[in-house]
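Inspection log for the structure reproduced underneath, given as C-alpha coordinates.
The values are calculated or read from the model by the stated rules, or taken from the named source; none is laboratory data. A quick note: this is a predicted structure, and the numbers were derived from the prediction, not measured. Methodologically, a virtual Cβ is constructed for each residue, glycine included, from the backbone with ideal geometry; neighbour enumeration extends over all protein chains shown.
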Amino acid sequence: MIDEPFFPTTDVLRSRDKAQLAFHERAARVAGERFGRRVFLRAVVEVSNFCRENCSYCGMRRDNRDLARHRARLDQLAELLVHHRPASVTDVNLQSGEDPVAVREIVLPLIRILRRETPLGISVCLGTLSRALYDQLRVAGASVYILKFEIADAALYARMEAPGTFEERIEHIRALAASGWNVSSGFIAGLPGQTDAALLANFSLARGLPLEGCSVSPFIPGDETPLAKAPTAEIDLTLNCMAALRLMRPRWVIPAVSALNLAEPGAGYRRGLRTGANLVTINLTPPEMREDYLLYKRDRFIMTEERILSAIEAEGLVPSNRSLAGYYQQEKSARVSGRSPRPVVAAV
Ligand code: SF4
(Lines give C-alpha, C1' and ligand atoms only; values in the text may rest on other atoms or scores of the structure.)
Protein backbone atom coordinates (compact mmCIF):
# COMPACT_ATOMS: atom_id res chain seq x y z
CA MET A 1 0.00 0.00 0.00
CA ILE A 2 1.39 3.38 -0.96
CA ASP A 3 0.80 6.45 1.18
CA GLU A 4 -2.05 8.38 -0.38
CA PRO A 5 -1.24 11.87 -1.57
CA PHE A 6 -3.90 13.31 0.70
CA PHE A 7 -3.63 16.82 2.05
CA PRO A 8 -6.47 18.45 3.98
CA THR A 9 -8.29 21.63 3.09
CA THR A 10 -9.82 24.05 5.55
CA ASP A 11 -13.26 22.85 4.43
CA VAL A 12 -12.38 19.27 5.33
CA LEU A 13 -10.97 20.30 8.71
CA ARG A 14 -14.10 22.28 9.46
CA SER A 15 -16.53 19.62 8.22
CA ARG A 16 -19.44 18.55 10.39
CA ASP A 17 -22.40 16.14 10.34
CA LYS A 18 -22.63 13.72 7.40
CA ALA A 19 -19.51 14.95 5.59
CA GLN A 20 -17.53 14.69 8.80
CA LEU A 21 -18.80 11.21 9.55
CA ALA A 22 -17.88 10.02 6.05
CA PHE A 23 -14.43 11.57 6.46
CA HIS A 24 -13.84 9.80 9.78
CA GLU A 25 -15.09 6.50 8.38
CA ARG A 26 -12.67 6.83 5.48
CA ALA A 27 -9.78 7.43 7.90
CA ALA A 28 -10.81 4.50 10.10
CA ARG A 29 -11.01 2.29 7.00
CA VAL A 30 -7.46 3.22 6.01
CA ALA A 31 -6.23 2.44 9.54
CA GLY A 32 -8.08 -0.88 9.42
CA GLU A 33 -6.45 -1.87 6.11
CA ARG A 34 -3.05 -1.29 7.60
CA PHE A 35 -3.40 -2.31 11.26
CA GLY A 36 -6.49 -4.49 11.40
CA ARG A 37 -8.54 -3.97 14.53
CA ARG A 38 -5.45 -3.82 16.69
CA VAL A 39 -4.24 -0.79 18.57
CA PHE A 40 -0.90 -0.42 20.29
CA LEU A 41 -1.21 -0.28 24.04
CA ARG A 42 1.45 1.49 26.05
CA ALA A 43 1.79 2.74 29.58
CA VAL A 44 2.97 6.22 30.49
CA VAL A 45 4.68 7.24 33.69
CA GLU A 46 5.26 10.89 34.47
CA VAL A 47 8.70 11.18 36.00
CA SER A 48 9.09 14.86 36.94
CA ASN A 49 7.03 18.03 36.80
CA PHE A 50 10.06 20.32 36.98
CA CYS A 51 10.36 22.20 33.70
CA ARG A 52 12.79 24.84 32.48
CA GLU A 53 10.45 25.91 29.65
CA ASN A 54 7.59 28.35 29.90
CA CYS A 55 4.90 27.35 27.38
CA SER A 56 1.84 29.59 27.74
CA TYR A 57 -0.49 26.60 27.31
CA CYS A 58 0.97 24.41 30.09
CA GLY A 59 0.59 24.54 33.87
CA MET A 60 4.05 23.05 34.40
CA ARG A 61 5.70 26.17 32.91
CA ARG A 62 8.57 27.49 35.01
CA ASP A 63 6.73 30.70 35.90
CA ASN A 64 4.04 28.75 37.75
CA ARG A 65 5.34 29.23 41.27
CA ASP A 66 2.19 27.73 42.83
CA LEU A 67 2.94 24.24 41.63
CA ALA A 68 4.53 21.76 44.04
CA ARG A 69 7.38 20.24 42.07
CA HIS A 70 8.34 16.57 42.41
CA ARG A 71 10.52 13.94 40.89
CA ALA A 72 9.44 10.30 41.06
CA ARG A 73 11.44 7.72 42.97
CA LEU A 74 13.46 5.42 40.75
CA ASP A 75 12.85 2.34 42.90
CA GLN A 76 9.10 2.97 42.96
CA LEU A 77 8.85 3.28 39.17
CA ALA A 78 11.09 0.26 38.61
CA GLU A 79 8.98 -1.88 40.94
CA LEU A 80 5.79 -0.71 39.27
CA LEU A 81 6.91 -1.32 35.71
CA VAL A 82 8.86 -4.53 36.25
CA HIS A 83 6.39 -6.28 38.56
CA HIS A 84 2.99 -4.59 38.46
CA ARG A 85 2.31 -3.34 34.94
CA PRO A 86 -0.89 -4.51 33.22
CA ALA A 87 -0.36 -7.66 31.19
CA SER A 88 -1.59 -6.08 27.96
CA VAL A 89 1.03 -3.30 27.95
CA THR A 90 3.81 -3.82 25.37
CA ASP A 91 5.54 -0.44 25.63
CA VAL A 92 6.19 2.29 28.14
CA ASN A 93 6.57 6.01 27.63
CA LEU A 94 8.71 7.84 30.20
CA GLN A 95 7.51 11.42 30.19
CA SER A 96 8.70 14.50 32.03
CA GLY A 97 8.84 18.27 32.03
CA GLU A 98 12.11 19.45 30.51
CA ASP A 99 14.28 18.42 33.43
CA PRO A 100 17.77 17.09 32.59
CA VAL A 101 18.36 16.23 36.26
CA ALA A 102 15.45 13.78 36.18
CA VAL A 103 16.76 12.37 32.90
CA ARG A 104 20.16 11.64 34.40
CA GLU A 105 19.07 10.49 37.85
CA ILE A 106 15.81 8.65 37.13
CA VAL A 107 15.11 8.06 33.44
CA LEU A 108 18.49 6.69 32.40
CA PRO A 109 18.83 4.16 35.23
CA LEU A 110 15.16 3.20 34.84
CA ILE A 111 15.66 2.45 31.14
CA ARG A 112 18.63 0.24 31.96
CA ILE A 113 16.54 -1.68 34.50
CA LEU A 114 13.62 -2.06 32.07
CA ARG A 115 15.92 -3.21 29.29
CA ARG A 116 17.44 -5.83 31.57
CA GLU A 117 14.25 -7.02 33.27
CA THR A 118 11.44 -6.64 30.71
CA PRO A 119 10.70 -6.96 26.98
CA LEU A 120 8.98 -3.55 26.95
CA GLY A 121 9.52 -1.18 24.03
CA ILE A 122 10.69 2.11 25.49
CA SER A 123 9.61 5.59 24.36
CA VAL A 124 10.68 8.84 25.96
CA CYS A 125 9.11 12.29 25.92
CA LEU A 126 11.59 14.53 27.72
CA GLY A 127 11.86 17.75 25.70
CA THR A 128 14.88 19.20 23.97
CA LEU A 129 18.07 17.89 25.54
CA SER A 130 21.77 17.80 24.67
CA ARG A 131 23.00 15.48 21.93
CA ALA A 132 24.99 13.61 24.57
CA LEU A 133 21.87 12.86 26.62
CA TYR A 134 19.95 11.72 23.54
CA ASP A 135 22.78 9.30 22.79
CA GLN A 136 22.90 8.00 26.36
CA LEU A 137 19.15 7.37 26.31
CA ARG A 138 19.40 5.41 23.09
CA VAL A 139 22.38 3.38 24.22
CA ALA A 140 20.50 2.59 27.45
CA GLY A 141 17.68 1.05 25.41
CA ALA A 142 15.04 3.62 24.43
CA SER A 143 14.16 3.66 20.74
CA VAL A 144 11.25 6.10 20.31
CA TYR A 145 11.60 9.84 20.98
CA ILE A 146 8.44 11.92 21.18
CA LEU A 147 9.21 15.56 20.44
CA LYS A 148 6.13 17.55 19.50
CA PHE A 149 6.69 20.59 17.31
CA GLU A 150 3.44 21.88 18.87
CA ILE A 151 2.93 24.86 16.53
CA ALA A 152 4.12 25.08 12.91
CA ASP A 153 3.56 28.81 12.58
CA ALA A 154 6.86 30.32 13.79
CA ALA A 155 5.32 33.63 14.91
CA LEU A 156 2.60 31.87 16.91
CA TYR A 157 5.23 29.50 18.32
CA ALA A 158 7.18 32.47 19.67
CA ARG A 159 4.03 34.17 20.97
CA MET A 160 3.07 31.04 22.89
CA GLU A 161 6.57 30.80 24.37
CA ALA A 162 6.79 27.22 23.12
CA PRO A 163 10.07 25.47 23.98
CA GLY A 164 13.30 27.16 22.86
CA THR A 165 12.88 28.47 19.35
CA PHE A 166 10.87 26.99 16.51
CA GLU A 167 14.01 26.48 14.40
CA GLU A 168 15.76 24.70 17.26
CA ARG A 169 12.79 22.39 17.84
CA ILE A 170 12.71 21.34 14.20
CA GLU A 171 16.46 20.90 14.09
CA HIS A 172 16.25 18.56 17.11
CA ILE A 173 13.50 16.49 15.46
CA ARG A 174 15.63 16.07 12.35
CA ALA A 175 18.79 15.32 14.33
CA LEU A 176 17.04 12.69 16.44
CA ALA A 177 15.77 10.89 13.36
CA ALA A 178 19.17 11.14 11.66
CA SER A 179 20.85 9.54 14.66
CA GLY A 180 18.60 6.48 14.61
CA TRP A 181 15.65 7.37 16.84
CA ASN A 182 12.11 6.63 15.73
CA VAL A 183 10.59 10.07 16.15
CA SER A 184 6.98 10.89 16.81
CA SER A 185 5.81 14.48 16.90
CA GLY A 186 2.56 16.35 17.40
CA PHE A 187 0.71 19.62 17.34
CA ILE A 188 -2.07 21.49 19.10
CA ALA A 189 -5.43 22.14 17.42
CA GLY A 190 -7.55 25.14 18.36
CA LEU A 191 -4.91 27.29 20.03
CA PRO A 192 -5.99 30.88 20.66
CA GLY A 193 -4.83 32.93 17.67
CA GLN A 194 -4.48 29.89 15.37
CA THR A 195 -5.71 30.91 11.91
CA ASP A 196 -6.82 28.41 9.28
CA ALA A 197 -3.49 28.94 7.51
CA ALA A 198 -1.60 28.29 10.76
CA LEU A 199 -3.60 25.10 11.31
CA LEU A 200 -2.84 23.85 7.79
CA ALA A 201 0.83 24.69 8.29
CA ASN A 202 0.96 21.89 10.87
CA PHE A 203 0.18 19.37 8.15
CA SER A 204 2.73 20.81 5.73
CA LEU A 205 5.40 20.69 8.39
CA ALA A 206 4.52 17.21 9.64
CA ARG A 207 4.50 15.89 6.06
CA GLY A 208 8.06 17.08 5.52
CA LEU A 209 9.58 15.78 8.75
CA PRO A 210 11.19 12.35 9.22
CA LEU A 211 8.44 11.04 11.50
CA GLU A 212 7.00 7.65 12.39
CA GLY A 213 3.94 9.07 14.10
CA CYS A 214 2.16 12.27 15.00
CA SER A 215 -0.47 13.33 17.53
CA VAL A 216 -3.07 16.06 17.66
CA SER A 217 -3.94 17.53 21.07
CA PRO A 218 -6.96 19.76 21.51
CA PHE A 219 -6.08 23.06 23.15
CA ILE A 220 -7.26 22.91 26.77
CA PRO A 221 -7.07 26.16 28.74
CA GLY A 222 -4.72 25.00 31.45
CA ASP A 223 -5.14 25.87 35.11
CA GLU A 224 -2.51 28.35 36.32
CA THR A 225 -1.54 29.47 32.79
CA PRO A 226 -1.86 32.81 30.97
CA LEU A 227 -4.46 31.13 28.71
CA ALA A 228 -6.67 29.84 31.53
CA LYS A 229 -9.66 31.87 30.35
CA ALA A 230 -9.36 31.04 26.64
CA PRO A 231 -11.95 28.71 25.06
CA THR A 232 -11.32 24.98 24.81
CA ALA A 233 -10.63 23.69 21.29
CA GLU A 234 -13.57 22.27 19.44
CA ILE A 235 -13.48 18.50 19.66
CA ASP A 236 -14.68 18.25 16.04
CA LEU A 237 -11.73 20.23 14.77
CA THR A 238 -9.34 18.00 16.70
CA LEU A 239 -10.95 14.80 15.45
CA ASN A 240 -10.91 16.07 11.87
CA CYS A 241 -7.19 16.80 12.21
CA MET A 242 -6.60 13.25 13.47
CA ALA A 243 -8.52 11.79 10.53
CA ALA A 244 -6.57 14.02 8.14
CA LEU A 245 -3.26 12.80 9.56
CA ARG A 246 -4.35 9.19 9.08
CA LEU A 247 -5.23 9.82 5.44
CA MET A 248 -2.08 11.83 4.84
CA ARG A 249 0.20 9.16 6.29
CA PRO A 250 -1.53 5.75 6.55
CA ARG A 251 1.54 4.09 8.10
CA TRP A 252 1.89 6.53 11.02
CA VAL A 253 1.15 5.66 14.58
CA ILE A 254 -1.49 8.16 15.70
CA PRO A 255 -2.50 8.20 19.37
CA ALA A 256 -5.87 8.92 20.90
CA VAL A 257 -4.74 11.47 23.51
CA SER A 258 -6.35 11.66 26.94
CA ALA A 259 -7.18 15.37 26.42
CA LEU A 260 -9.90 14.29 23.98
CA ASN A 261 -11.96 13.52 27.04
CA LEU A 262 -11.40 17.04 28.38
CA ALA A 263 -12.50 18.54 25.06
CA GLU A 264 -15.65 16.40 25.08
CA PRO A 265 -16.19 14.77 28.47
CA GLY A 266 -17.40 11.21 28.28
CA ALA A 267 -17.28 10.82 24.51
CA GLY A 268 -14.16 12.49 23.05
CA TYR A 269 -11.81 9.60 23.59
CA ARG A 270 -14.01 7.01 21.97
CA ARG A 271 -14.71 9.33 19.05
CA GLY A 272 -10.92 9.61 18.63
CA LEU A 273 -10.73 5.85 18.24
CA ARG A 274 -13.18 6.17 15.33
CA THR A 275 -10.90 8.47 13.33
CA GLY A 276 -8.14 5.95 12.67
CA ALA A 277 -6.13 6.35 15.88
CA ASN A 278 -4.07 3.24 16.63
CA LEU A 279 -2.36 3.90 19.94
CA VAL A 280 -3.84 4.12 23.42
CA THR A 281 -2.05 4.93 26.64
CA ILE A 282 -2.68 3.73 30.17
CA ASN A 283 -1.50 6.18 32.82
CA LEU A 284 0.50 4.38 35.52
CA THR A 285 1.89 7.47 37.27
CA PRO A 286 1.80 6.84 41.03
CA PRO A 287 -1.38 8.54 42.35
CA GLU A 288 0.46 10.89 44.72
CA MET A 289 2.28 12.52 41.76
CA ARG A 290 -0.63 12.82 39.37
CA GLU A 291 -2.29 15.97 40.62
CA ASP A 292 0.80 18.13 40.26
CA TYR A 293 1.57 16.88 36.75
CA LEU A 294 -0.36 19.86 35.52
CA LEU A 295 -0.47 19.63 31.74
CA TYR A 296 -4.06 20.90 31.69
CA LYS A 297 -6.33 20.72 34.73
CA ARG A 298 -5.81 19.80 38.35
CA ASP A 299 -8.92 17.68 38.10
CA ARG A 300 -7.39 15.18 35.69
CA PHE A 301 -9.20 12.47 33.79
CA ILE A 302 -6.83 9.57 34.28
CA MET A 303 -6.88 6.92 31.58
CA THR A 304 -6.70 3.82 33.75
CA GLU A 305 -6.34 0.28 32.43
CA GLU A 306 -10.03 -0.32 32.97
CA ARG A 307 -11.09 2.82 31.07
CA ILE A 308 -8.75 2.12 28.17
CA LEU A 309 -9.68 -1.53 27.79
CA SER A 310 -13.39 -0.80 27.96
CA ALA A 311 -13.07 2.05 25.42
CA ILE A 312 -11.23 -0.07 22.87
CA GLU A 313 -13.56 -3.02 23.39
CA ALA A 314 -16.59 -0.78 22.93
CA GLU A 315 -15.13 0.37 19.59
CA GLY A 316 -14.52 -3.20 18.41
CA LEU A 317 -10.74 -2.88 18.77
CA VAL A 318 -8.25 -5.15 20.52
CA PRO A 319 -4.79 -4.60 22.05
CA SER A 320 -1.89 -5.39 19.73
CA ASN A 321 0.37 -8.16 20.93
CA ARG A 322 3.22 -6.60 18.97
CA SER A 323 5.04 -3.67 20.53
CA LEU A 324 5.19 -0.22 19.09
CA ALA A 325 8.98 -0.40 19.16
CA GLY A 326 8.81 -3.69 17.23
CA TYR A 327 6.51 -2.15 14.63
CA TYR A 328 8.87 0.76 14.08
CA GLN A 329 11.79 -1.62 13.75
CA GLN A 330 9.95 -3.63 11.13
CA GLU A 331 8.99 -0.50 9.21
CA LYS A 332 12.57 0.68 9.20
CA SER A 333 13.91 -2.66 8.02
CA ALA A 334 11.34 -2.73 5.21
CA ARG A 335 12.41 0.73 4.08
CA VAL A 336 16.11 -0.08 4.23
CA SER A 337 15.65 -3.30 2.26
CA GLY A 338 13.39 -1.57 -0.27
CA ARG A 339 10.52 -3.94 0.44
CA SER A 340 7.17 -2.26 0.07
CA PRO A 341 5.38 -1.65 3.36
CA ARG A 342 2.67 -4.16 4.10
CA PRO A 343 0.04 -4.57 6.74
CA VAL A 344 1.91 -5.46 9.90
CA VAL A 345 -0.77 -6.96 12.06
CA ALA A 346 -3.27 -9.46 10.89
CA ALA A 347 -6.84 -8.29 10.96
CA VAL A 348 -8.79 -10.01 13.68
S1 SF4 B 1 4.54 21.77 27.51
FE2 SF4 B 1 6.33 20.60 28.17
S3 SF4 B 1 8.06 21.98 27.79
FE4 SF4 B 1 6.23 23.27 27.81
S5 SF4 B 1 6.06 24.00 29.96
FE6 SF4 B 1 4.81 22.11 29.76
S7 SF4 B 1 6.13 20.44 30.40
FE8 SF4 B 1 7.44 22.24 29.97
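Sub-9 Å Cβ pairs linking a first residue in segment 118-137 that is under 16 Å from Leu81 (Cβ atoms) to a second residue that is within 16 Å of the ligand (Cβ to nearest atom) and modelled with pLDDT under 95, at least 6 apart or interchain, number zero. Taking Leu13, is it within 30 Å of Leu114 (Cα to Cα), of a type in the set (A, V, I, L, M, F, W, C) and at pLDDT 95 or above? So Leu13 does not fit the description; no.
Of all residues in segment 182-201, those satisfying the criterion of being of a type in the set (A, V, I, L, M, F, W, C) and either more than 16 Å from the ligand (Cβ to nearest atom) or surrounded by fewer than 22 Cβ atoms within 10 Å (Cβ to Cβ) (or both) are Val183, Ala197, Ala198, Leu199, Leu200, Ala201. Right, Ala19: without any contact (Cβ under 8 Å) to a residue 24 or more places away in the chain and either away from the ligand (no atom under 16 Å from the Cβ) or closer than 21 Å to Glu315 by Cβ (or both) or not? Considered against the rule, which asks whether it is without any contact (Cβ under 8 Å) to a residue 24 or more places away in the chain and either away from the ligand (no atom under 16 Å from the Cβ) or closer than 21 Å to Glu315 by Cβ (or both), Ala19 comes out as yes. Among the residues making up segment 282-299, a single one is without any contact (Cβ under 8 Å) to a residue 24 or more places away in the chain and within 16 Å of the ligand (Cβ to nearest atom): Glu291. Of the helices (runs of 4 or more DSSP H) lying entirely inside segment 30-143, none contains at least 3 residues that are more than 25 Å from Gly326 (Cα to Cα), within 16 Å of the ligand (Cβ to nearest atom) and more than 22 Å from the chain's Cα centre (by Cα).
Going through (1) at pLDDT below 90; (2) in contact with a Ser or Thr (Cβ under 8 Å, 6 or more places away or on another chain); (3) under 18 Å from Gly213 (Cα atoms) one by one, Phe301 falls short only on (3). The set of residues in segment 29-84 that are among the β-branched types (Val, Ile, Thr) and surrounded by fewer than 17 Cβ atoms within 10 Å (Cβ to Cβ) contains only Val82.
Out of the residues in segment 144-181 that are within 14 Å of the ligand (Cβ to nearest atom) and of a type in the set (Asp, Glu), state the one that is surrounded by the most Cβ atoms within 10 Å (Cβ to Cβ). Restricting to residues being within 14 Å of the ligand (Cβ to nearest atom) and of a type in the set (Asp, Glu), the top hit is Glu150. I'd like the residue in segment 162-184 that is touching a strand residue (DSSP E or B) at 6+ places or on another chain (Cβ under 8 Å) and β-branched (Val, Ile, Thr) and, out of all such residues, is nearest to Phe149 (Cα to Cα). Selected residue: Ile173.
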